[in-house]
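These notes are about the structure you will find just below.
The values are calculated or read from the model by the stated rules, or taken from the named source; none is laboratory data. As the structure is a prediction and not an experimental result, all values here were calculated from the model. So basically every Cβ, Gly included, is an ideal-geometry build from the backbone, and we count neighbours across all protein chains shown.
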Amino acid sequence: AKVPLQRIDAYRWRIPQSYQPEMRVPGIVYADDVLIEQIRQDNSLQQVANVATLPGIVGYSLAMPDIHWGYGFPVGGVAATHVDDGVISPGGIGFDINCGVRLLATDLRYQEVKGKADRLADELFQHLPSGVGGKGMRSLSEKELREVMVRGAAWAVEQGYGFPEDLEVTEEGGCLAGANPEAVSTTAIQRGVNQLGSLGAGNHFCEVQVVDYIYDEEAARALGLYYKDQVVTTIHCGSRGFGHQIAEDYIRVAETKQKDFGFRLVDRQLACLPLRSDLGKSYLGAMACGANFAWANRQLLMHGVRQAFSRVFGRQARPAEMPLVYDVCHNIAKIEEYRIDGELQRVCVHRKGATRAFPAGHPAVPEKYRAVGQPVLIPGDMGRYSFVLVGAPGSMEQSFGTTCHGAGRQRSRTAAKKAISSKDLMAQLEAKGIAVRVHSKGLLAEEAPLAYKDAEQVVRVVHNAGLARLVVRLRPIIVVKG
Ligand code: 5GP
Ligand code: MN
Ligand code: MN
């Protein structure tokens, strides 16, 4: 059946609750006329309706304009469940727990980097471990991994990978509370011990970019983005095999318990655990371990980036020259409070391929950004552009403090590979002056710009809907892919 959509305004669509009897709330989809047609091409709208059936869901089942098909939840899906009678669905966080993005600024201009781009690309490629199942920068004892699980990025800083200032501009300070290593399987631990400080493969990357356009001078300045052609670097990756194993473990156990909990879900991939149950609490504790691993991972990788710049440009590898702008996660569940139906309610916000976007004045926004809002980092694709936004007040009113996380996939990996070869793509990028280094060459085409929606169109929607505000557009000059 075709999922019914009622237009609310130019950027919002409703899936009425009457569509399916099991729906407990309506769905809301953020998209313009062009994006909504792209979204209709896969089953993601049905997934938005499916999520609306989750026990304890409040408000709406939300979809951001970068939504596409995912495991159970769509990627780009947001759902809040009440802490008293609600559930947590591991598929609503995703397999890459705390996949996220961090943006590092530099005091260099494009003109200074241009002639040395190939050397910088080589340095980055050599020193940032990548590839499927590859070993990371740092091997850990089980005891050290436990520290990482509990302390996240702070552990990395203490070990010399970065500086305390970095933690102030990391979501949650780089450490989600409630981590419980006892809830993590030995298989996950075995996968984690040698993967810290690695990019992985496919969609994960390290990209050197330049500020290409400034939409909001004042907000840009507050974020340390001062002028066109300023050089910055984006890192996108998550918790590697460690987080993946945690997700697998809990999805499997949740599937076997649905009957015991009395759930009859419309899609088995939505398998979920009551937040108040022992298993629900175990998953939250294990998820926090995965999230903290990811923050430590990005902290190590950023250290590698600072060192690469330092070797090529004689810069000090420290925040004065290369400040971390911000680090956000886009695959996570958080316990937060919102006014829903006139009442302050404690809910578990599932953000799967969705980014927190707290507005100016929110206490969780670092003090130096408090007047402009939390930085929101939106990768687009390797050939066109990426964006920096800040959270806007509408996110608190409409979307549980959330906005989109990327451009969102438009073509399957198989379709992308059919449309362009990795070799041709490489040549196209080089012709545009983008230096490319890729570990798994065969996988590059799966991530081609044509595989993704137009990121500019996506961010326009969230900007116009009042969820986040455009600050700068970035253009790639070096792409390092796993
Ligand atoms: P995901 O976390 O869903 O795998 O990816 C998030 C977003 O990253 C995608 O929706 C896409 O817009 C973006 N993306 C994927 N590959 C690249 C890349 O190589 N460079 C940039 N700038 N963005 C990318
Ligand atoms: Mn991601
Ligand atoms: Mn990921």
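Within the option set ALA357, ALA407, ALA392, being small (Gly, Ala, Ser) and closer than 19 Å to ILE93 by Cβ holds for one residue only, ALA357.
Scanning region 225-260 for residues that are more than 30 Å from GLN190 (Cα to Cα) and out of contact with any strand residue (DSSP E or B) (no Cβ under 6 Å at 6 or more places or on another chain) turns up TYR226, TYR227, LYS259, ASP260.
Which numbered condition trips up ILE251, out of (1) part of a helix (DSSP H, G or I); (2) crowded, with 24+ Cβ neighbours inside 10 Å? Against the list (1) part of a helix (DSSP H, G or I); (2) crowded, with 24+ Cβ neighbours inside 10 Å, ILE251 comes up short only on (2).
Conditions tested, residue by residue: (1) closer than 20 Å to PRO129 by Cα; (2) away from ligand 1 (no atom under 16 Å from the Cβ); (3) touching a Phe, Trp or Tyr at 6+ places or on another chain (Cβ under 8 Å); (4) not charged (D, E, K, R).
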| site | (1), (2), (3), (4) |
| --- | --- |
| LEU167 | no, yes, no, yes |
| GLY174 | no, yes, yes, yes |
| GLY178 | no, yes, no, yes |
| GLY202 | yes, no, no, yes |
| TYR215 | no, yes, no, yes |
| ASP229 | no, yes, yes, no |
| VAL253 | no, yes, no, yes |
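Quick check: anything in region 398-416 modelled with pLDDT under 95, within 16 Å of ligand 3 (Cβ to nearest atom) and surrounded by fewer than 21 Cβ atoms within 10 Å (Cβ to Cβ)? Yes - at least one qualifying residue is present in region 398-416.
GLY406 meets all of the listed conditions (1) in contact with a Phe, Trp or Tyr (Cβ under 8 Å, 6 or more places away or on another chain); (2) within 16 Å of ligand 2 (Cβ to nearest atom); (3) more than 28 Å from VAL132 (Cβ to Cβ) but one, namely (3).
A residue that is in contact with a Pro (Cβ under 7 Å, 6 or more places away or on another chain), in contact (Cβ under 8 Å) with a residue 24 or more places away in the chain and within 16 Å of ligand 2 (Cβ to nearest atom) occurs nowhere in region 121-142. The requirement of being of a type in the set (Val, Ile, Thr) and within 16 Å of ligand 2 (Cβ to nearest atom) is not satisfied by VAL461.
Considering region 297-318, and only residues there that are farther than 11 Å from ASP166 by Cα and either of a type in the set (Asp, Glu) or part of a loop (DSSP other than H, G, I, E, B) (or both), the residue that is farthest from the chain's Cα centre (by Cα) turns out to be GLY314. Within region 211-246, track down each residue that is β-branched (Val, Ile, Thr), more than 16 Å from ligand 3 (Cβ to nearest atom) and buried (at least 22 other Cβ atoms within 10 Å of the Cβ). Of everything in region 211-246, those that are β-branched (Val, Ile, Thr), more than 16 Å from ligand 3 (Cβ to nearest atom) and buried (at least 22 other Cβ atoms within 10 Å of the Cβ) turn out to be VAL211, VAL231, VAL232, THR233. Summed over region 1-42, residues that are surrounded by fewer than 16 Cβ atoms within 10 Å (Cβ to Cβ) and assigned to a loop (DSSP other than H, G, I, E, B) total 10.
Scanning region 221-245 for residues that are within 16 Å of ligand 2 (Cβ to nearest atom), touching a Ser or Thr at 6+ places or on another chain (Cβ under 7 Å) and within 17 Å of THR170 (Cα to Cα) yields a single hit, THR234. Only residues that are assigned to a helix (DSSP H, G or I) and crowded, with 21+ Cβ neighbours inside 10 Å: list them for region 43-60, please. Within region 43-60, SER44, LEU45, GLN47, VAL48, ALA49, ASN50, VAL51 meet the criteria.
Across region 174-202, the number of residues qualifying as at pLDDT 95 or above, surrounded by 19 or more Cβ atoms within 10 Å (Cβ to Cβ) and among the small types (Gly, Ala, Ser) comes to 7. If the condition is being more than 16 Å from ligand 3 (Cβ to nearest atom) and either within 25 Å of the chain's Cα centre (by Cα) or polar (S, T, N, Q) (or both), then region 319-338 contributes PRO319, MET322, PRO323, LEU324, VAL325, TYR326, LYS334, ILE335, GLU336, GLU337, TYR338.
Among what's in region 341-362 and is assigned to a strand (DSSP E or B) and touching a Leu at 6+ places or on another chain (Cβ under 8 Å), pick the residue that is surrounded by the most Cβ atoms within 10 Å (Cβ to Cβ). Spell out the reasoning first.
Of all residues in region 341-362, those assigned to a strand (DSSP E or B) come to 343-352, 355-356.
Cutting the leftovers down to touching a Leu at 6+ places or on another chain (Cβ under 8 Å) gives us 348, 355.
Values: CYS348: 25, THR355: 33.
Among those residues, the one meeting the criterion is THR355.
Six or more apart or on different chains, Cβ atoms under 9 Å: show the pairs whose first residue is in region 337-352 and more than 10 Å from HIS82 (Cα to Cα) and hydrophobic (A, V, I, L, M, F, W, C) and whose second is part of a strand (DSSP E or B) and modelled with pLDDT of 95 or more. Taking only residues 6 or more apart or on different chains, the pairs are ILE340/VAL58; ILE340/GLY59; ILE340/ALA80; ILE340/HIS82; ILE340/VAL347; LEU344/GLU337; LEU344/TYR338. Looking across region 163-189 at every residue that is out of contact with any Gly (no Cβ under 9 Å at 6 or more places or on another chain), among the polar types (S, T, N, Q) and outside any loop (DSSP other than H, G, I, E, B), the one that is nearest to ligand 2 (Cβ to nearest atom) is identified as THR187.
Do we find that TYR227 is within 24 Å of the chain's Cα centre (by Cα) and among the hydroxyl-bearing types (Ser, Thr, Tyr) in this structure? No: the conditions fail for TYR227. Counting only residues that are in a helix (DSSP H, G or I), touching a strand residue (DSSP E or B) at 6+ places or on another chain (Cβ under 7 Å) and closer than 30 Å to LEU265 by Cα, region 91-113 holds 1 of them. Candidates in region 190-200 are the residues that are in contact with a Leu (Cβ under 7 Å, 6 or more places away or on another chain) and more than 13 Å from ligand 2 (Cβ to nearest atom); of these, the one that is nearest to GLY115 (Cα to Cα) is GLY197. Only a single criterion out of (1) more than 15 Å from ligand 3 (Cβ to nearest atom); (2) polar (S, T, N, Q); (3) under 15 Å from the mean Cα position of the chain (by Cα) is not satisfied by SER89, namely (3).
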